[in-house]
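Undergrad: Attaching a single structure in C-alpha cells format; questions to follow.
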Amino acid sequence: MDVNSYMHCAICWDSLSIEIVTMAISGFIGSLSSQNTINKTQSAGNQRRFISSLVGTSETTRTATCYSISFCQWLAGVIDGDGCLLVSKQGYTSLEITVALEDLRLLRIIQNKLGGSIKMRSGAKAYRYRLTNREGMINLVNCVNGYIQHTTRLQQLHRVCQQLNIPVITPFTLTSESAWFAGFFDADGTIGFYMKNERPQLSVRVTNKLYKDIEPFKSILGGNIYFDSAQNGYYQWSIQSKEDIQRLSGYFSHYCQSRKAQRFFLVNQYYSLVSLKAYKSDLKSWQNFQEKWNK
C-alpha cells in the first residue's frame, strides 16, 4: 500500500477501542491481526534489544495493553516532535507533551488511551499532558518501544526503560505507510500558502534542529530539506509541487489529528480555485475559502 491509497480516507482515534482485535475503516486496514497489532504478550526473541547499557538479544517477554500499531506509530511521532520522556532524581518516570490550545483534542485522544492529566500552561497558550503513574508508563513504553526515532527522544526512552527494567527495541524502519510521519507532522509540521509572483503557493513543511531527524521525510516521502539560520539554525523539510501535495494529502488527512492537518481536506478545493484564478476574479469565493482554511 502506498500513500496514494490513502486518498479520501479518514480515521478517528476516538473510535478505536483499547481491546481492538479486528477493525475495518474505509478500506484502510482490513483487520488488526498479529500483523498490525501489538499483542498482549510479545516475544522479544526475534528483535534486537538493548537492556540497560548492554547491546544484545533478550528472550524475555513483555505484557502490554493491545493498541493498534498505527496508533502507536502516530503517538511515537507526536512524542518525537512535542514530547519529553523524563526520569526524576527519585527515579520516577513520566511523559510530557505540550501542544497549542487548538490541539486539546489531540491530547484527549492520548489521555483516553493511557490515562494521565491535562492542564493549561500558565502564561502560555498551550496545554500540557502528563503521565506519571508507573502502570501507565509501562503501557506507554510497550506501545511506542521500537517506534521512537528522534535522536534525543531515543536517549530519553533508553533511560526510562532502564528505570522500568524494560528492554529497548531497535527503532523500526520507516515506510510510506508508517503513521509516525503523521504524528511528527501533528507536532512540528505546518501546511499553508503564501503569495509568490502574485499567485498563491501552497507548501507542507516539517522542521527540526537535526537534519537526520527529518531526513526520512525526504528519503521516503520526497520533497527537499533546507537549512534556515534563524532561531540558532534548524532544518526544514518541504514539499510544494501540486503533484507531491496531492499525493500525500490523503495520507496526512487519514492519520493526522491536529487542527492544522484538517487543511489537507481542503487541498483539492484550493487547487480548483487557484486554477480558476479566484484569488483575482472571484474574491468572494476566495475569501470564503480562506475563512474555512483559517477556521
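Undergrad: In the stretch 179-199, what residues are surrounded by fewer than 18 Cβ atoms within 10 Å (Cβ to Cβ) and either among the aliphatic types (A, V, I, L, M) or in contact (Cβ under 8 Å) with a residue 12 or more places away in the chain (or both)?
TA: We begin by selecting, within the stretch 179-199, every residue surrounded by fewer than 18 Cβ atoms within 10 Å (Cβ to Cβ); these are 190, 192-199.
Selection gives Thr190, Gly192, Phe193, Met195, Arg199.
Undergrad: Right, here's the next one. Can you pull out the residues in the stretch 273-291 that are surrounded by 13 or more Cβ atoms within 10 Å (Cβ to Cβ) and either in the same structural domain as Ile79 (by TED's automatic domain parsing) or not β-branched (Val, Ile, Thr) (or both)?
TA: Initial filter on the stretch 273-291 (surrounded by 13 or more Cβ atoms within 10 Å (Cβ to Cβ)): 273-274, 276, 278-279, 282, 285-286, 288-290.
The answer is Leu273, Leu276, Ala278, Tyr279, Asp282, Ser285, Trp286, Asn288, Phe289, Gln290.
Undergrad: So, in the stretch 152-181, how many residues would count as being in contact with an Asp or Glu (Cβ under 8 Å, 6 or more places away or on another chain) and either farther than 23 Å from Cys256 by Cβ or of a type outside the set (S, T, N, Q) (or both)? Talk me through it step by step, then tell me what you get.
TA: Residues of the stretch 152-181 that are in contact with an Asp or Glu (Cβ under 8 Å, 6 or more places away or on another chain), as a first pass: 153, 176-177, 180.
Cutting the leftovers down to either farther than 23 Å from Cys256 by Cβ or of a type outside the set (S, T, N, Q) (or both) gives us 153, 177, 180.
So the count comes out to 3.
Undergrad: Scan the strands (runs of 3 or more DSSP E) fully inside the stretch 35-104 and keep the ones with 3 or more residues being in the same structural domain as Arg128 (by TED's automatic domain parsing), at pLDDT 95 or above and in contact with a helix residue (DSSP H, G or I) (Cβ under 8 Å, 6 or more places away or on another chain). If you could, list the steps in order and put the result at the bottom.
TA: Details: elements: 41-43, 49-51, 54-56, 61-63, 83-87, 93-100.
Ranges flagged: 83-87, 93-100.
Undergrad: Kindly provide the set of residues from the stretch 120-140 that are exposed (fewer than 13 other Cβ atoms within 10 Å of the Cβ) and either in a helix (DSSP H, G or I) or modelled with pLDDT of 95 or more (or both), ordered by number. Please lay out each step first, then the result.
TA: Taking the stretch 120-140 first, the residues exposed (fewer than 13 other Cβ atoms within 10 Å of the Cβ) are 120-125, 134-135.
Selection gives Arg134, Glu135.
Undergrad: Same structure, new question: From Gln269, Gln287, grab the single residue that is touching a Phe, Trp or Tyr at 6+ places or on another chain (Cβ under 7 Å) and among the polar types (S, T, N, Q).
TA: Numbers: Gln287 fails: touching a Phe, Trp or Tyr at 6+ places or on another chain (Cβ under 7 Å).
Result of the check over Gln269, Gln287: Gln269.
Undergrad: Of all residues in the stretch 153-178 being of a type in the set (S, T, N, Q) and free of Cβ contacts under 8 Å to residues at least 24 places away in the same chain, which is surrounded by the most Cβ atoms within 10 Å (Cβ to Cβ)?
TA: Here is the first cut: in the stretch 153-178, the residues of a type in the set (S, T, N, Q) are 155-156, 162-163, 165, 170, 173, 175-176, 178.
If we keep only those that are free of Cβ contacts under 8 Å to residues at least 24 places away in the same chain too, we end up with 155, 165, 173.
Numbers: Gln155: 12, Asn165: 10, Thr173: 9.
Applying the filter and picking the extreme gives Gln155.
Undergrad: Also: For the stretch 183-221, which residues satisfy the criterion of being touching a Cys at 6+ places or on another chain (Cβ under 9 Å) and of a type outside the set (A, V, I, L, M, F, W, C)? So that I can check it myself, show each step before the final result.
TA: Step one: of the stretch 183-221, the residues touching a Cys at 6+ places or on another chain (Cβ under 9 Å) are 183, 185-186, 189.
Residues satisfying the conditions are Gly183, Asp186, Gly189.
Undergrad: Then there's this: Residues of the stretch 183-196 being in contact with a strand residue (DSSP E or B) (Cβ under 9 Å, 6 or more places away or on another chain) and either in a helix (DSSP H, G or I) or within 20 Å of Ala261 (Cα to Cα) (or both), which ones? Quick ask: steps written out before the conclusion?
TA: If we filter the stretch 183-196 for residues that are in contact with a strand residue (DSSP E or B) (Cβ under 9 Å, 6 or more places away or on another chain), which is where we start, we get 184-195.
Within the stretch 183-196, Phe184, Phe185, Asp186, Ala187, Asp188, Gly189, Thr190, Ile191, Gly192, Phe193, Tyr194 qualify.
Undergrad: Could you grab the pairs with beta carbons closer than 6 Å, sequence gap of 6+ or different chains, first residue in the stretch 106-135 and at positive phi, second one in a helix (DSSP H, G or I) and at pLDDT 95 or above?
TA: Listed by first residue and then by second, the contacts come to Gly115/Gly136.
The values are calculated or read from the model by the stated rules, or taken from the named source; none is laboratory data. The structure displayed is predicted, hence computed values, not measured ones. Virtual Cβ from ideal backbone geometry, glycine too; neighbours counted across all protein chains shown.
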